[in-house]
Amino acid sequence: MNISSENPEKKDRREFIKNSGKALIGTASLPFLFNINQSFAMKDNTLKVGLIGCGGRGTGAAAQALKADPNTVLTCMADIFSDYLEESYNALIQVNPQQVQVAEDQKFIGLDAYQRVLDSDVDVVILTTPPAFRPGQFKAAVNSGKHVFCEKPVAVDAPGVRSVLETARLAKEKGLNVVSGFTFRYDFPKRALFEKINNGEIGEVMSVLTVRNGGGLWYKERQPSWTEMEYQLRNWYYYDWLSGDYIVEMMVHSLDMMSWAFGDQLPLKATGSGGRQSRTEEKWGNIYDHFAIEYEYENGAKGIHFSRQQQGCSNVNKAEVLGKNGNALVDVGRQIHSLKGAESWGYEGEKNNPYETQHEELFAAIRAGKPINEGDLMANSTMLAILGRMVGYSGQTITWEQAMNSNQVLGPALDEYRWDLEWPVPPVAIPGKTKVI
């Protein structure tokens, strides 16, 4: 189903890919883009990869997967928009033409395109559609017997998280691999630092502060030919029913670091605030532009999260961990990974590209027959962010159990999407008035 005709963004998007390569690699390094003569030998254990979701993150994930293992091939692609798929294909062919073997009849377009990839003979699927689609597509992938790379976050509401947990258990029973897009977990410096924290080198962790302040992001101007559904899908980031709000879609990385520092234990409750001060026009949908959340843990420890997306302000992306016997720091922007305890420590070991490492470890696990299953991790870290949104929207203190047992569903079921569907967008949440439980 080709729902896209003339698209004024197409030229700009292609120029962006051509000139910067950023749509291919996210925040990863650039040099591999031009190594298109890399040798590639077909072997019996070649893994066939299918891409579901061909936006910037999907294109980047596919490029990184191919770079991670020269014995992989991309054989089919799916997206709801034909222009996204074609631009993704044209960008990926630059990585290594021998590894991009997508025939024209294996380019699937439409709301049901994901299922056609799952019906193919691929071994691994990359799920990089907007977060609202992830629980249903993850379930469909596991039901189809596919290994999964699942981008974060994995849901936008508690029913979606519960679905992901159930699907992850099924994947474990089937011996399927599930690797999440929580990239920090694959970064060697962060692995070394958090291992020290979890081994008690700063004593019992009493507080974790995560701060991620940044500017604004992209926006797609409304076109006369677009239905309301197409407009919202092309601007999915700005609708809580599609993205979960920015705290779920992006700040979940910071909250995952918080969870990691606490040994992945779950908080008892959370309280906090949030709102929108600069991103107030209707075109920004119904999401916030700042949050401040406090999480409380069983031993009285606190997790504090501050974030904003506002133009013209100072930026930072860091995590500070305070233990009874020391402290630790991750400064993402300055690439600082340090610890002060009985002895001071700073990371001086091997650096890696975590975007590639996550695929390297996925493919290695598949070939070794020793499955990785990050289902619980990716669901719980996503729920940590959803809990933060719930307390920010409502202004109420909410327990983990209340949030996890919530039956609030933000969007339609996977099989209910139609181009003429006008899903009611809730007004911007007002703390003290908006109900989330």
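Residues that are on the phi < 0 side of the Ramachandran plot, open to solvent by 20 Å² or more (accessible area, probe 1.4 Å) and not charged (D, E, K, R) within region 181-213 comprise Phe184, Phe188, Ala192, Asn198, Asn199, Met206, Ser207, Leu209, Asn213, listed in sequence order.
I'm checking my understanding of the structure. Among residues of region 339-365 that are more than 19 Å from Thr183 (Cα to Cα) and not charged (D, E, K, R), which one is surrounded by the most Cβ atoms within 10 Å (Cβ to Cβ)?
Narrowing region 339-365 to residues more than 19 Å from Thr183 (Cα to Cα): 339-346, 348.
Those left that are additionally not charged (D, E, K, R): 339, 341-342, 344-346.
Numbers: Leu339: 22, Gly341: 18, Ala342: 11, Ser344: 9, Trp345: 17, Gly346: 12.
Looking at residues that are more than 19 Å from Thr183 (Cα to Cα) and not charged (D, E, K, R), I get Leu339.
In region 241-255, the residue that is nearest to Pro135 (Cα to Cα) out of those that are in contact (Cβ under 8 Å) with a residue 60 or more places away in the chain and open to solvent by 10 Å² or more (accessible area, probe 1.4 Å) is Glu249.
Residues in region 288-308 that are in contact (Cβ under 8 Å) with a residue 40 or more places away in the chain, open to solvent by less than 50 Å² (accessible area, probe 1.4 Å) and aromatic (Phe, Trp, Tyr) were compared, and the one that is farthest from Leu242 (Cα to Cα) is Tyr295. The one condition from (1) in contact with a helix residue (DSSP H, G or I) (Cβ under 8 Å, 6 or more places away or on another chain); (2) on the phi > 0 side of the Ramachandran plot that Gly375 does not meet is (2).
Can you tell me how many residues within region 155-180 are under 25 Å from Tyr239 (Cβ atoms), touching a Pro at 6+ places or on another chain (Cβ under 6 Å) and surrounded by fewer than 22 Cβ atoms within 10 Å (Cβ to Cβ)?
Filtering region 155-180 for residues under 25 Å from Tyr239 (Cβ atoms) gives 155-165, 167, 180.
Filter again for touching a Pro at 6+ places or on another chain (Cβ under 6 Å), leaving 155-156, 160, 163-164.
Next, only the ones that are surrounded by fewer than 22 Cβ atoms within 10 Å (Cβ to Cβ) stay: 163.
Total satisfying the criteria: 1.
I'd like to check something: does region 379-390 contain any residue that is closer than 23 Å to Glu294 by Cα, modelled with pLDDT of 95 or more, open to solvent by 40 Å² or more (accessible area, probe 1.4 Å) and not β-branched (Val, Ile, Thr)? Full working, then the answer.
Taking region 379-390 and keeping what is closer than 23 Å to Glu294 by Cα, we get 379-390.
When the remaining residues are screened for being modelled with pLDDT of 95 or more, the result is 379-390.
If we keep only those that are open to solvent by 40 Å² or more (accessible area, probe 1.4 Å) as well, we get 380.
Among the residues that remain, those that are also not β-branched (Val, Ile, Thr) are: 380.
Yes - at least one qualifying residue is present in region 379-390.
Can you confirm whether Asn407 is open to solvent by 30 Å² or more (accessible area, probe 1.4 Å) and either in a helix (DSSP H, G or I) or among the hydrophobic types (A, V, I, L, M, F, W, C) (or both)?
Details: open to solvent by 30 Å² or more (accessible area, probe 1.4 Å): yes; either in a helix (DSSP H, G or I) or among the hydrophobic types (A, V, I, L, M, F, W, C) (or both): no.
When the stated conditions are applied, Asn407 does not pass them.
Would you say Lys318 is over 19 Å from Val211 (Cβ atoms) and surrounded by fewer than 22 Cβ atoms within 10 Å (Cβ to Cβ)? Considered against the rule, which asks whether it is over 19 Å from Val211 (Cβ atoms) and surrounded by fewer than 22 Cβ atoms within 10 Å (Cβ to Cβ), Lys318 comes out as no.
How many residues, within region 261-282, are aliphatic (A, V, I, L, M) and open to solvent by less than 40 Å² (accessible area, probe 1.4 Å)? Within region 261-282, residues that are aliphatic (A, V, I, L, M) and open to solvent by less than 40 Å² (accessible area, probe 1.4 Å) number 2.
Condition check ((1) of a type outside the set (A, V, I, L, M, F, W, C); (2) modelled with pLDDT of 95 or more; (3) closer than 27 Å to Ile293 by Cα) across all residues:
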residue: Ser163; (1), (2), (3): yes, yes, yes
residue: Thr167; (1), (2), (3): yes, yes, no
residue: Val178; (1), (2), (3): no, yes, no
residue: Lys196; (1), (2), (3): yes, yes, yes
residue: Ser207; (1), (2), (3): yes, yes, yes
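Out of curiosity, is Gly285 in contact (Cβ under 8 Å) with a residue 60 or more places away in the chain and surrounded by 16 or more Cβ atoms within 10 Å (Cβ to Cβ)? Walk me through it before giving the result.
Numbers: in contact (Cβ under 8 Å) with a residue 60 or more places away in the chain: yes; surrounded by 16 or more Cβ atoms within 10 Å (Cβ to Cβ): yes.
Answer is yes for this residue.
Checking the stated criteria, Tyr219 turns out not to satisfy the condition of being closer than 30 Å to Asn327 by Cβ and either open to solvent by 30 Å² or more (accessible area, probe 1.4 Å) or not aliphatic (A, V, I, L, M) (or both).
Scanning region 302-331 for residues that are closer than 28 Å to Glu204 by Cβ and in contact with a helix residue (DSSP H, G or I) (Cβ under 8 Å, 6 or more places away or on another chain) yields Gly303, His305, Ser307, Asn317, Ala319, Val321, Gly323, Ala328, Val330.
Can you tell me which residue in region 129-154 is least open to solvent (accessible area, probe 1.4 Å), limited to those that are over 22 Å from Arg389 (Cα atoms) and among the polar types (S, T, N, Q)?
As a first pass, look at region 129-154 and keep what is over 22 Å from Arg389 (Cα atoms): 137-149.
Cutting the leftovers down to among the polar types (S, T, N, Q) gives us 137, 143-144.
Working: Gln137: 9, Asn143: 86, Ser144: 43 Å².
The residue in question is Gln137.
Please report, ordered by residue number, the helices (runs of 4 or more DSSP H) entirely within region 212-293 with at least 2 residues that are of a type in the set (A, V, I, L, M), in contact with a helix residue (DSSP H, G or I) (Cβ under 9 Å, 6 or more places away or on another chain) and within 21 Å of Arg57 (Cβ to Cβ). If you could, list the steps in order and put the result at the bottom.
On the way: elements: 228-234, 240-243, 246-249, 252-261.
Filter on region 212-293 gives 246-249, 252-261.
Answer yes or no: is there a residue in region 340-362 that is part of a helix (DSSP H, G or I) and touching a Lys or Arg at 6+ places or on another chain (Cβ under 7 Å). Working first, answer last.
Here is the first cut: in region 340-362, the residues part of a helix (DSSP H, G or I) are 354-362.
The next check asks that each one be touching a Lys or Arg at 6+ places or on another chain (Cβ under 7 Å); those that pass are 356.
Taking every residue of region 340-362 in turn, at least one turns out to be part of a helix (DSSP H, G or I) and touching a Lys or Arg at 6+ places or on another chain (Cβ under 7 Å).
For region 325-338, which residues satisfy the criterion of being surrounded by 12 or more Cβ atoms within 10 Å (Cβ to Cβ) and not in a strand (DSSP E or B)?
Of region 325-338, the ones surrounded by 12 or more Cβ atoms within 10 Å (Cβ to Cβ) are 325-332, 336-338.
Once the filter is applied, which keeps residues that are surrounded by 12 or more Cβ atoms within 10 Å (Cβ to Cβ) and not in a strand (DSSP E or B), region 325-338 yields Asn325, Val332.
Starting from residues that are of a type outside the set (Ser, Thr, Tyr), within 23 Å of His147 (Cα to Cα) and in a helix (DSSP H, G or I), keep the ones in region 78-109 and report whichever is most open to solvent (accessible area, probe 1.4 Å). Step by step, filter region 78-109, then rank; the result is Asp105.
The values are calculated or read from the model by the stated rules, or taken from the named source; none is laboratory data. Remember, predicted model here, so these are calculated numbers, not experimental data. Counting neighbours? That spans all protein chains shown, and the Cβs are built from the backbone with ideal geometry, glycine included. Protein only, heavy atoms only, side chains kept; ligands, DNA and RNA dropped before computing areas. Shrake-Rupley method; radii C 1.70, N 1.55, O 1.52, S 1.80 Å.
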